[in-house]
Amino acid sequence: MKMFIQTGTRGISSYQYKMNMAVTLTSTHHSTLCIPSLLKQSQFLGRFNISSSFRSLSSSAARSKSVVSALEIGGVTIDKDDVVKDDPTNNVPDSIYTKLGLQLHKRDKHPLGILKNAIHSYFDSNYSGKFVKFDDLCPIVTAKENFDDVLVPADHVSRSYNDTYYIDAQTVLRCHTSAHQAELLRNGHTHFLVTGDVYRRDSIDSTHYPVFHQMEGVRVFSPDEWEASGKDGTIYAAEDLKKCLEGLARHLFGAVEMRWVDTYFPFTEPSFELEIFFQEKWLEVLGCGVTEQEILKRSGNVDKVAWAFGLGLERLAMVLFEIPDIRLFWTSDERFTSQFSKGKLGVKFNPFSKFPPCYKDMSFWISDSFTENNLCEIVRAVAGDLAEEVQLIDNFTNKKGMTSHCYRVAYRSMERSLTDEEINQLQFNVREEVERKLKVVLR
């Protein structure tokens, strides 16, 4: 199944993501599912008109620090040249490469690691020894694994260079942990949890970041498991799924009111969303469903049924720990990191930054190829995490058919006050790069 939860326009269940767009894993048992040589051996399927120059843009922070030339994930060494390439099929910037291997979800004193471990604890307590856990799988996967294996249509928008980070025409940074599902099923796993960092080109605001973390769970049933109940396999799996996830919600949030919402996902039938009433409002927790038979058949699980769920760690952690801005998960500031302890779920974050934002507006005539995601990539490349939000505040089309957009960029540091000189220089650099890279006409 393919499911994720983040907030905002793409702040949706991973199931919904696949509808809007579409788990490489590693464990102590599977340490080399990502092979760097694959990147060097894959052949380009063609030339694509995307801006490989995004790669050359560097944030102010990156300019002051050299980008590491190689890193290791799950026992596999990945060279920078394997990920960031000067080629028209590559749209991975240095700023994204530097996030590879950080694996916030593996840090026991980090909110994401604390949440992951709490979920693992629930499954250990209720399904002792059954669920195999993967949290060290390589995020570099093939386009087939990321899209085809989870039934994403060939013409789906999620495959576009506007939404996905491509290393080359056949290789991507995974958009979801479901990219590992087919291989795990083929390898005979029937109960597994996959956690990892995922990558999507996206907007800039307090709930969106181009790198975030997901967890997926899958359970496969054999005929003898449901036949004894006298129930249809699909009904049996759906009931087991709901019982499992209601228990997980109580484990994380306490005795909350819950409701199930029927929905549609192309990879599950039936499909559901679980919502809880928490802090005086309904909150979507995850997406889930009974796995489409086609996925099981392709992986050699004929005559079986399965369920799957997916959730976004950042979204739930922001609620549980009351963390107001997704950028905080990436800070090394001790005023943030010192507030959390191993095994302490739901400790309320005490804000330490009261620094005001600085707003700068920018207007330009757009071209036919303009996309907001491309604009946000440039702003992030120039300003890094000092860019808090990019918001469209005005647009109009004149009598000649030309369309103008006005964007407001909010700059704010979590750690200090920014000077007027810094902000003005950042905005100057952003305007310069936007005009040069996006082929727009500034106003």
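The values are calculated or read from the model by the stated rules, or taken from the named source; none is laboratory data. Predicted model only: the values in this text are computed from it and were never measured. Reconstructed Cβ throughout: ideal geometry from the backbone, glycine too, with neighbour counts over all protein chains shown. In case anyone asks, the SASA skips ligands and DNA or RNA and just uses the protein heavy atoms, side chains included. Shrake-Rupley method; radii C 1.70, N 1.55, O 1.52, S 1.80 Å.
What size of dipole, in debye to the nearest 20, comes out for the range 151-245 about its Cα centre when the only charges are +1 on Lys and Arg C-beta atoms and -1 on Asp and Glu C-beta atoms?
Here the size comes out at about 140 debye.
Carbon and sulfur together cover what percent of the accessible area of the range 80-120 at a 1.4 Å probe radius?
Values: 500 of 1200 Å².
Roughly 42 percent of what the probe reaches on the range 80-120 is carbon or sulfur.
Which FRET efficiency value, to the nearest 0.05, do you get for S417 and E227 by plugging their Cβ-Cβ distance into 1/(1 + (r/R0)^6) with R0 = 51 Å?
0.15
Over 19 Å between Cα atoms: which of K106/K242; K109/K344; K144/K304 fall into that group?
Listed pairs above 19 Å: K106/K242; K144/K304.
Among the chymotrypsin sites (Phe, Trp or Tyr not before Pro) in the range 74-147, which ones are in a DSSP loop with at most 16 other Cβ atoms within 10 Å of the Cβ? Mind listing them?
Y127
Which whole-number percent is the relative contact order of the range 273-352 (Cα, under 8 Å, 6+ apart)?
20
So which GluC sites (Glu not before Pro) in the range 291-399 are both in a DSSP loop and have at most 16 other Cβ atoms within 10 Å of their Cβ?
Sparse-neighbourhood loop GluC sites (Glu not before Pro): E322.
How many angstrom separate the Cα center of the range 295-341 from the Cα center of the range 387-428?
Comparing the Cα centres of the range 295-341 and the range 387-428, I get a distance of 30 Å.
At a threshold of 8 angstrom on Cα-Cα distance, excluding pairs fewer than six apart, so keeping six or more, what relative contact order does the range 83-226 reach in percent?
Normalised by residue count, the contact order of the range 83-226 is 24 percent.
Work out the charge dipole of the range 278-411 with +1 on the Cβ of Lys and Arg and -1 on the Cβ of Asp and Glu about the Cα centre, then indicate which of F352, I326, G384 is farthest towards its positive end.
Result: F352.
Under the definition of Cα pairs under 8 Å and six or more residues apart, what whole-number percent is the relative contact order of the range 292-443?
The value is 24 percent.
Could you name the lysines whose alpha carbon sits less than 19 Å from that of K80, not counting residues in the same chain fewer than 8 places away?
K40, K65, K99
With a probe of 1.4 Å, find how much accessible area the range 346-443 has per residue, and write the answer as a whole number in Å².
54
With all protein chains present, how much of the accessible area of the range 267-372 (probe radius 1.4 Å) comes from carbon and sulfur, to the nearest whole percent?
48
Could you give the dipole magnitude of the range 173-301 about its Cα centre, charging the beta-carbon of Lys and Arg +1 and that of Asp and Glu -1, in debye to the nearest 20?
Its charge dipole is roughly 340 debye.
Can you pull the accessible area of K437 for me, 1.4 Å probe, Å² to the nearest 10?
30
For L442 and D368 in the same chain, what is the full-extension length gain: residue separation times 0.36 nm, less their Cα-Cα distance, in nm?
Using 0.36 nm per residue and subtracting the Cα-Cα distance, I get 25.1 nm.
Listed highest first by mean packing, meaning other Cβ atoms within 10 Å per residue, what order do 252-264, 108-120, 232-244 come in?
Result, highest mean Cβ count within 10 Å first: 108-120, 232-244, 252-264.
Please give the contour-minus-distance gain from E322 to K342: 0.36 nm per residue of separation, less the Cα-Cα distance, rounded to one decimal in nm. Provide the component values of the computation, followed by the final result.
Working: separation 20, 0.36 × 20 = 7.20 nm, distance 1.71 nm.
Fully extending the segment from E322 to K342 adds 5.5 nm.
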